[in-house]
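The values are calculated or read from the model by the stated rules, or taken from the named source; none is laboratory data. Just so it is clear, the model here is predicted, and its values are computed rather than measured. Reconstructed Cβ throughout: ideal geometry from the backbone, glycine too, with neighbour counts over all protein chains shown.
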Amino acid sequence: MLFINMSSVDDFCDSLFGSSPRPQGEIDLSIDIEKPSDYFEVLLLIMTNGMKRWYGPRINIGDISAEHIERLQEYFLSFGMLLKVDIEAEPDVYMIDNKMYLQKTRLDEMMFVVANARKLYKVHFDFAPGREPRWTA
């Protein structure tokens, strides 16, 4: 198993995205966090960093190909995480509150939502089977 003691998200992303995705769970994401919301934020940063490598510094989520989402999912599996992106039709009336995750204690309940081209993109994460969180809530 490859162990990465993460001194920064950028260092981890350079290592992660610097090669092809590894087999599931081969990379150990070791970070110092206090609560699940911190972990959620790190996962969002890793996802964003990966997309910036393919699309440049300004990312339009509506332009992201299904192939790149699948590729990101493979990278996330490399360190034992599931990346999920649900795409729904944009309702006529809605409110996006991307700080609600701060009130959650379980990673699988946290979500980041982006609206684009009459669609809602809902990004959330979970642990791959056999993986456990590294904090106590």
Within the range 31-58, restricting attention to residues that are more than 18 Å from Phe17 (Cα to Cα) and either aromatic (Phe, Trp, Tyr) or touching a residue at least 40 places away in the same chain (Cβ under 8 Å) (or both), which residue is surrounded by the fewest Cβ atoms within 10 Å (Cβ to Cβ)? Glu34
So how many residues does the range 43-95 have that are in a strand (DSSP E or B), over 15 Å from the mean Cα position of the chain (by Cα) and among the acidic types (Asp, Glu)? 1
So which pairs qualify, if the first residue must be in the range 5-30 and under 16 Å from Met47 (Cα atoms), the second must be outside any helix (DSSP H, G or I) and modelled with pLDDT of 90 or more, the Cβ gap must be under 6 Å, and the two must be at least 6 apart or on different chains? Ile27/Phe79; Leu29/Phe79
Could you list all residues from the range 1-27 that are modelled with pLDDT of 85 or more and surrounded by 13 or more Cβ atoms within 10 Å (Cβ to Cβ)? Phe12, Cys13, Ser15, Leu16, Phe17, Pro21, Arg22, Gln24, Gly25, Glu26, Ile27
Scan the range 98-111 residue by residue and report those that are crowded, with 16+ Cβ neighbours inside 10 Å and farther than 13 Å from Tyr39 by Cβ. Met111
